[in-house]
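Trainee: Dropping a structure here in structure tokens format, bear with me for questions.
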Amino acid sequence: PVAKTVYGRDEIEKYGDTNVSDVLKRLPGINVTGGNPRLRGLGAGYTLILINGEPAPPGFSLDNLSPSQVERIEVTKGPTAEHSAQAVAGTINIILREAPKQRQRELRVGLGQHQGKAGYSVNGTYGDRFGALSLSLPASAYRWRGGSWAHVERHTLDSSGLPQHLVAVTPDRYWGHGLNLSPRLSWKLNESDTLNSQTIVQSHRFHNAGRTLTDVLEGAAPVSVDDDWFNRGRWQMIRSNLEWVRRWPDGRRLEVKAGAQASRSEYRTDVDGRDEQGAHSLTRVSEGRNRERNLTSAGKYLRPLFEQHTLALGWDVERKRRFEQRSVTENGVSQLVGFDGEPFEAEVRRMAVYAQDEWGLSAQWSTYLGIRAERIESSSLGLADPVAHHTQVITPLWHLNYKLDPR
């Protein structure tokens, strides 16, 4: 509570937003630019996005996550020992819906329009309890359509090194659809032990099409000044976690969890261009595909100390493997000489332990002390010789909080 602010279902549902990105735009201290949230005015790379306490995979977009699947949002404006200290600006942790304590039936249908194009979203939640077992199944499907218009002016150098002044106008349209599922099971083993299972499945496809017309105000004309382009792709992800929680009557709690994740993405962009005389001058094809696999393990032990202290000890282990392959050709000639179409593989292993103490000094003053030791090992394999690297860091942390209104 010293470093963290929690927003529950009431705040999430307040304005009927259709995606989590719109919810974050309304929360104090958060700016969202291009779908990327930012804290404390720093760039998006300084803000860590978590899903159920674990980093969101590459390609994940908050625009494609429905608020109906979210139980709460935890915002930490600054690094903490529990999460990576790379999050200099802070952490946004999206906690998915928990298993209900009573029967739950929800269905919401939304219709929208953007640039004259209609879209829809359908969100449903089924929840029930069968003795010691609780089940929650949030699901959502969505479709978007829209368009935009861009005017870009560039001052650069042409292929001969002479000044070049270009003005490009690009009308484009985009459309796509997707599906989200996040089933959760909670089994109360006895009075002190609970077993939780959480899975999230996401799949969406996207398309963009448009035309770029370029006027040459100074210098030599580029290869093409009239381009028709079409881009399409897909992104899929499945993540599953199993968590065991034990609670003691004196307030102590132990959480142990393990998880696995797999994600994949593919894209292709085709460009056909014409020169100033209207003759066909350019055929560009860009293709790429990515695969990623993750294994994680984490645990946390919390214990109240004295009257106003809460001590937490924990660990965090992750192994990630990524495979990439891409190619770019223009008029049949590779633009990635020596690398075109060649596979690239990388592996990252991360191990961390931490300790933190939250101390309520008075009704207005509270403080947080933490320390995190982390080791990261990485290796990559491509056309060149294999590369390996490791780094270690110990990060001490301190938060001091003063409430203007002690209520």
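Trainee: Considering only residues that are modelled with pLDDT under 90, within 24 Å of Trp315 (Cβ to Cβ) and surrounded by fewer than 20 Cβ atoms within 10 Å (Cβ to Cβ), which ones fall in segment 61-84?
Mentor: Matches in segment 61-84: Gly78 only.
Trainee: Report yes if Ser378 is assigned to a strand (DSSP E or B) and small (Gly, Ala, Ser), otherwise no.
Mentor: yes
Trainee: OK, next. Can you say whether Ser84 is in contact with a Lys or Arg (Cβ under 7 Å, 6 or more places away or on another chain) and either not hydroxyl-bearing (Ser, Thr, Tyr) or not in a strand (DSSP E or B) (or both), as far as the supplied structure shows?
Mentor: No.
Trainee: Further question: Looking at Ala346, is it open to solvent by less than 90 Å² (accessible area, probe 1.4 Å) and either within 25 Å of Ala3 (Cα to Cα) or modelled with pLDDT under 90 (or both)?
Mentor: No.
Trainee: Also, quick follow-up: Let me confirm something: among Arg173, Arg129, Arg105, Arg145, which residue is over 24 Å from the mean Cα position of the chain (by Cα) and closer than 30 Å to Ser224 by Cα?
Mentor: Of the residues listed, the single one that is over 24 Å from the mean Cα position of the chain (by Cα) and closer than 30 Å to Ser224 by Cα is Arg173.
Trainee: Would you check if there is a residue in segment 328-337 being under 23 Å from Ser379 (Cα atoms), under 29 Å from the mean Cα position of the chain (by Cα), buried (at least 16 other Cβ atoms within 10 Å of the Cβ) and among the aliphatic types (A, V, I, L, M)?
Mentor: The answer is no, given that none of the residues of segment 328-337 is under 23 Å from Ser379 (Cα atoms), under 29 Å from the mean Cα position of the chain (by Cα), buried (at least 16 other Cβ atoms within 10 Å of the Cβ) and among the aliphatic types (A, V, I, L, M).
Trainee: Could you list all residues from segment 26-40 that are under 24 Å from Asn401 (Cα atoms), open to solvent by 70 Å² or more (accessible area, probe 1.4 Å) and not in a strand (DSSP E or B)?
Mentor: Those that are under 24 Å from Asn401 (Cα atoms), open to solvent by 70 Å² or more (accessible area, probe 1.4 Å) and not in a strand (DSSP E or B): Arg26, Pro28, Arg40.
Trainee: Hey, could you check segment 16-25 for residues that are out of contact with any Gly (no Cβ under 7 Å at 6 or more places or on another chain) and at pLDDT below 85 and say which is surrounded by the most Cβ atoms within 10 Å (Cβ to Cβ)?
Mentor: Among them, the one singled out is Asn19.
Trainee: I'd like the residue in segment 367-389 that is open to solvent by less than 90 Å² (accessible area, probe 1.4 Å) and at pLDDT below 85 and, out of all such residues, is farthest from the chain's Cα centre (by Cα).
Mentor: Ala384
Trainee: Considering only residues that are assigned to a loop (DSSP other than H, G, I, E, B) and among the small types (Gly, Ala, Ser), which ones fall in segment 1-25?
Mentor: Matches in segment 1-25: Ala3, Gly8, Gly16.
Trainee: If the requirement is being free of Cβ contacts under 8 Å to residues at least 60 places away in the same chain, under 20 Å from Gln86 (Cα atoms) and open to solvent by 40 Å² or more (accessible area, probe 1.4 Å), which of these qualifies: Gln364, Gln392?
Mentor: Gln392
Trainee: Only one of Pro222, Pro304 is part of a loop (DSSP other than H, G, I, E, B) and on the phi < 0 side of the Ramachandran plot; which?
Mentor: Pro222
Trainee: Another one. When the residues of segment 269-289 are filtered to those that are farther than 28 Å from Pro343 by Cβ and not acidic (Asp, Glu), which remaining residue is least open to solvent (accessible area, probe 1.4 Å)?
Mentor: The qualifying residue least open to solvent (accessible area, probe 1.4 Å) is Gly273.
Trainee: Need a quick list: strands (runs of 3 or more DSSP E) entirely within segment 89-158 having at least 3 residues that are open to solvent by 20 Å² or more (accessible area, probe 1.4 Å).
Mentor: 104-114, 117-130, 133-157
Trainee: Check Gln325, Gln277 and return the single one that is outside any strand (DSSP E or B) and either in contact (Cβ under 8 Å) with a residue 12 or more places away in the chain or over 16 Å from Trp229 (Cα atoms) (or both).
Mentor: Gln277
The values are calculated or read from the model by the stated rules, or taken from the named source; none is laboratory data. These numbers were taken from a predicted model, which means no experiment stands behind them. Using ideal geometry, Cβ is built from the backbone for each residue, glycine included, and neighbour counts are taken over all protein chains shown. Surface accessibility is based on the protein's heavy atoms, side chains included, excluding ligands, DNA and RNA. Shrake-Rupley method; radii C 1.70, N 1.55, O 1.52, S 1.80 Å.
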